[in-house]
Structures are given as C-alpha cells and as structure tokens.
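Enquirer: Quick one: the structure is below, questions incoming.
The values are calculated or read from the model by the stated rules, or taken from the named source; none is laboratory data. If you're wondering where the values come from, they're calculated on a predicted model, not measured in any experiment. Neighbour counts run over all protein chains shown; Cβ positions are idealised from the backbone, glycine included.
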Amino acid sequence: MSNAQCFELIFLLFLFGDLFLKLYLDARQARSIRLHRDSVPKDFASAISLQAHQKAADYCLERIRFSRIEHVVDLVWLLILTLGGLISFIYRFYYQANGNDLLSQIFIVLTVAFLSALLNLPFQWYSAFHIEAKYGFNTMTPARFFKDLLLSAVLGLVIGVPLFAIIFWLWEAAGALWWIWAWLAYVVFNFALLWIYPSFIAPLFNKFTRLPDGEVADRVNALLTRVGFATNGLYVMDASKRSSKANAYMTGFGKTKRIVFFDTLLAKLSPIETEAVLAHELGHYKLRHIIKMMLFSFSLSFVVFFVLDWASGSSWFYEGLGVQLYLGSSPAVALILFFEVLSVFTFPFSPMTSILSRKYEFQADRFAVQNSDGKALVSALVKLFKDNASTLTPDKLYSAFYSSHPDAAIRVDAINQEIANASKS
Ligand SMILES: [Zn+2]
C-alpha cells in the first residue's frame, strides 16, 4: 500500500469512526433525557415546574434528532469535497481559466466557502424557523435572517480575503519558515479583530445602549469598584430581536473592554441576580482565564500551522484526499483540505480541552460567591437553565465531549458548597 492509500484509509477510519461516536453520544444523551423526563431533579424541584422540565426535554430531544441529520450530511459533503473530487474540480477550473496565481488561490477558497454556506443555509433556516420557533425562542423575522446572512458574507469577504492573501503570499515568498510568519499574521489578525469587534462589528448586527441608571447600574458599579475592574462602559444589547434566550458577556481588551447585557437577561433576572452573573464573568477576567485561554489557543494554532507545513509538503496528503496537483502546487487547496479534515482527526480528543474550561467555570463561580451573592447566583442559573430549556439531566460522556460548562446539578452543588464554606470562615 502506498503512503497516499494508507492516509486515505486512516482518514476514512476516523471519518466513519467519528460518525459512529457522534451518533452513539447522541443516543446516550437522548436516553438520559428521556429517562428523567417525568420528574424534575430534586435540587430544582422547587424552582422548575414539571411542565417546564418536559418542555426542555422535548426541545433537547428535537435538537438531537436534528443534529443526527447534520452529522450524516457533513460526512457526505466532506466525502464529495475530497474523495468525490469537487475540490480537485474547482482547482482545475481556476488554474485552467486563470493560471497559477494569487487570484486563483483566493477564488478557490471563496468557491468552497460559498458552496459550504449554501449547503448550510437550509439547516440554519430549519433550526431558527422550525425548532427554535416551535419552542418560542425564535423572535427573528425572515427579513432579518437574510440581512444577517448578507452582512456576515460581506464581513467574511472584507476580513477573510486580506487574511488569506497575506497567508498565501507568505507561503510563496517567505521560504521554509513561512508557517511561522503565517502564524504570526494569524495572531495579529485575531488581536485586531478583538480590538475592532466591540466598536465596529457588533454594532452592525445589534443596537447597543448605555445601561440606564437604577438599581442594576448601582449594583454593577459597586461590584466593579469592589473587585477593581475598569471598563469602558456598560451596555444593553437588543438580543431580543433574534432570540428570547438570555446571556451576558464581556468583549474587547485593554481600554476597549465593555460589559454587555442582553436585554433578555435584564428582563428575566432581578438586579441582585444580574450582579451575581456579572461577578461570575468578572471572575474569568480577574483570574486571568481569558488570557490563559488565548495563550492556549495561540500555542495550539502554532502546532496546527507546523503540521499544515508538514502535510502540505507531502504528496500523500493531497492524493490520500482525492486531489492530484498536476497543474502546479496550490496553497489554497492545501489550506482547504487541511482545515476540512482537521476536525475529523481531533474530534475524539475534544474531552481534553473542555476539562480546562470546566475547571475555570468552577473557579469563576467561587469568585462570584466571594464577591457577590451566592444564593442569587444559584437562582439566576436556575432561571437561565429553565428559560433557555437546557437539560438538567445530561449524559456524562456526552457532556465530556460537548459541554464547556459543568452539568447543571454539579455546578449548583459546587456553588452551594462554596456558600457553606464562605459562611464558615
Ligand atoms: Zn463562565
């Protein structure tokens, strides 16, 4: 067996192995939800009605049924792109029409991105206007759906084309260590995006208004002073025009840091609960989670660029994935193949990355208990679990693969434990 055939076989093993693993995890999750559908877990029984619990169960089960179809379609699409010869066809088309230059590389990437987005469209539509709508979450109109789509496409072009152009140019011009330069360009681009996101990108999609004076603002300002956190402003975002689900987040860094509350969060939580949720988010900043996660992701991308350099320099990589580069090398084809198949090889290892993020969630909860009101944090979380129809009874293995947060019951137990510890000392 040649190297290319060997790689093709490994690729197919991982591809179908992942599909079976995903379907198995979905089945476990569905079973766990169905098993607990008829009674609210005792920690939540006083706050969540059986009716709300069953609605969450039905919603989660419907999302699982939907994701099964997505898994299969994703697999078929990846096979069409690679071994089915679609990437190969697109490569030949642009090389014959335009030759081997930077423009061809950009068009190859854009064509694959466009086709993938087109395939994704009916899924996004069904998710918003059938599933989310059926359970009363969707508040988006079809007009807004298409406006968002168009805006994202334009942004993707404005941001993506220069980034790809720089990477492809470095690929050809920067010699053997091009991948280190490309990685640096990628890191700088990410920082630039973080910098401009709050003031330039987010306002294209949503309206941001200053948090009005009142109890929430008073509490939040007192909390910020207490923990020593400087911000460039407190904002309310009109998230309710897309979904009734609630959240809060912090964005930007350095002097552009702002705190953003979804209007849906302010509508659902009391002022003290809002303060407790924010205290949790501030915990992530104060305990340096954000910066550690960023360093982790940049180191990981350094390794990814190194592997990209190695794979793209080997003919087995292209031939094993159904592409013959007989018209000349193509950074675009290498990049697309690489990132299309990367997740196939990394999915089985996803529980390793969520271990870290879950550890941080416990630490941020502890920070919130120490700097705010622990009981209010519990009642806020319970309200959010209920209103966002999160399942309270997930399967452990499923959570290990997919959840960045600890399971609801485990998290609430840990917070109650922190409250008990705090009152003792
Ligand atoms: Zn968190």
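Enquirer: Are any of the residues in the range 89-102 touching a residue at least 60 places away in the same chain (Cβ under 8 Å), more than 23 Å from Ser243 (Cα to Cα) and of a type in the set (D, E, K, R)?
Expert: yes
Enquirer: From the set of residues in the range 367-376 that are assigned to a helix (DSSP H, G or I) and of a type in the set (Gly, Ala, Ser), which is nearest to the chain's Cα centre (by Cα)?
Expert: Our first condition is that a residue be assigned to a helix (DSSP H, G or I); within the range 367-376, this holds for 367-371, 374-376.
Narrowing further to those that are of a type in the set (Gly, Ala, Ser): 368, 374, 376.
Numbers: Ala368: 24, Gly374: 28, Ala376: 27 Å.
The extreme case among them is Ala368.
Enquirer: Conditions: (1) under 21 Å from the mean Cα position of the chain (by Cα); (2) within 16 Å of the ligand (Cβ to nearest atom). Pro394 meets all but one. Number of the miss?
Expert: Here Pro394 meets the rest and fails (2).
Enquirer: Let me ask another. Could you check Ser423 against (1) assigned to a loop (DSSP other than H, G, I, E, B); (2) free of Cβ contacts under 8 Å to residues at least 60 places away in the same chain; (3) away from the ligand (no atom under 14 Å from the Cβ) and say which number it fails?
Expert: Tallying (1) assigned to a loop (DSSP other than H, G, I, E, B); (2) free of Cβ contacts under 8 Å to residues at least 60 places away in the same chain; (3) away from the ligand (no atom under 14 Å from the Cβ), Ser423 fails exactly one: (1).
Enquirer: Any idea which of Ser315, Ser299 is small (Gly, Ala, Ser), under 30 Å from Phe89 (Cα atoms) and away from the ligand (no atom under 13 Å from the Cβ)?
Expert: None of the other options fit; the residue is Ser315.
Enquirer: Away from the ligand (no atom under 16 Å from the Cβ), in contact with a Gly (Cβ under 9 Å, 6 or more places away or on another chain) and of a type in the set (S, T, N, Q) - does that describe any residue in the range 238-249?
Expert: Yes, the range 238-249 contains a residue that is away from the ligand (no atom under 16 Å from the Cβ), in contact with a Gly (Cβ under 9 Å, 6 or more places away or on another chain) and of a type in the set (S, T, N, Q).
Enquirer: Return the pairs, sorted by first residue and then second, in which the second residue is small (Gly, Ala, Ser) and within 10 Å of the ligand (Cβ to nearest atom), the first residue lies in the range 267-288 and is free of Cβ contacts under 8 Å to residues at least 24 places away in the same chain and within 15 Å of Ser357 (Cα to Cα), the beta carbons are less than 9 Å apart, and the residues are 6+ apart or on different chains.
Expert: none
Enquirer: Could you list, in sequence order, all residues of the range 31-63 that are in a helix (DSSP H, G or I), buried (at least 19 other Cβ atoms within 10 Å of the Cβ) and of a type in the set (A, V, I, L, M)?
Expert: If the condition is that a residue be in a helix (DSSP H, G or I), buried (at least 19 other Cβ atoms within 10 Å of the Cβ) and of a type in the set (A, V, I, L, M), then Ile33, Ala56, Ala57 are the ones that fit.
Enquirer: Oh, and also: Of the residues Ser404, Ser379, only one is in contact with a helix residue (DSSP H, G or I) (Cβ under 8 Å, 6 or more places away or on another chain) and outside any helix (DSSP H, G or I); which?
Expert: Of Ser404, Ser379, the one residue that is in contact with a helix residue (DSSP H, G or I) (Cβ under 8 Å, 6 or more places away or on another chain) and outside any helix (DSSP H, G or I) is Ser404.
Enquirer: Mind telling me which of the residues Asn221, Asn232 ends up being at pLDDT 90 or above, surrounded by fewer than 16 Cβ atoms within 10 Å (Cβ to Cβ) and polar (S, T, N, Q)? If you could, list the steps in order and put the result at the bottom.
Expert: Values: Asn232 fails: at pLDDT 90 or above.
After ruling out the rest, the residue left standing is Asn221.
Enquirer: Which of (1) within 23 Å of Ala30 (Cα to Cα); (2) surrounded by 15 or more Cβ atoms within 10 Å (Cβ to Cβ) is the odd one out, the single condition Leu78 does not satisfy?
Expert: Among (1) within 23 Å of Ala30 (Cα to Cα); (2) surrounded by 15 or more Cβ atoms within 10 Å (Cβ to Cβ), Leu78 violates only (1).
Enquirer: Ok, one more. Could you list all residues from the range 276-292 that are away from the ligand (no atom under 11 Å from the Cβ), aliphatic (A, V, I, L, M) and farther than 16 Å from Ala380 by Cα?
Expert: Ile291
Condition check ((1) touching a residue at least 40 places away in the same chain (Cβ under 8 Å); (2) more than 20 Å from the chain's Cα centre (by Cα); (3) at positive phi) across all residues:
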position: Val72; (1), (2), (3): yes, yes, no
position: Leu79; (1), (2), (3): yes, yes, no
position: Ser116; (1), (2), (3): no, no, no
position: Leu119; (1), (2), (3): yes, no, no
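Enquirer: Would you check if there is a residue in the range 262-271 being β-branched (Val, Ile, Thr) and crowded, with 19+ Cβ neighbours inside 10 Å?
Expert: Yes, because at least one residue in the range 262-271 is β-branched (Val, Ile, Thr) and crowded, with 19+ Cβ neighbours inside 10 Å.
Enquirer: Does any residue of the range 146-169 turn out to be among the aromatic types (Phe, Trp, Tyr) and without any contact (Cβ under 8 Å) to a residue 24 or more places away in the chain?
Expert: The answer is yes, given that some residue of the range 146-169 is among the aromatic types (Phe, Trp, Tyr) and without any contact (Cβ under 8 Å) to a residue 24 or more places away in the chain.
Enquirer: I've got another one for you. Please report, ordered by residue number, the helices (runs of 4 or more DSSP H) entirely within the range 265-363 with at least 1 residues that are farther than 30 Å from Ala217 by Cα.
Expert: Those helices (runs of 4 or more DSSP H) span 289-312, 315-320, 331-346.
Enquirer: Let me ask you something else. Take the residues in the range 320-363 that are charged (D, E, K, R) and in contact with a Ser or Thr (Cβ under 8 Å, 6 or more places away or on another chain); name whichever of them is farthest from Gln96 (Cα to Cα).
Expert: In this case the residue turns out to be Glu361.
Enquirer: To continue, here is another question. Hey, among the residues in the range 330-374 that are of a type in the set (A, V, I, L, M) and surrounded by fewer than 17 Cβ atoms within 10 Å (Cβ to Cβ), which one's nearest to the ligand (Cβ to nearest atom)?
Expert: Leu356
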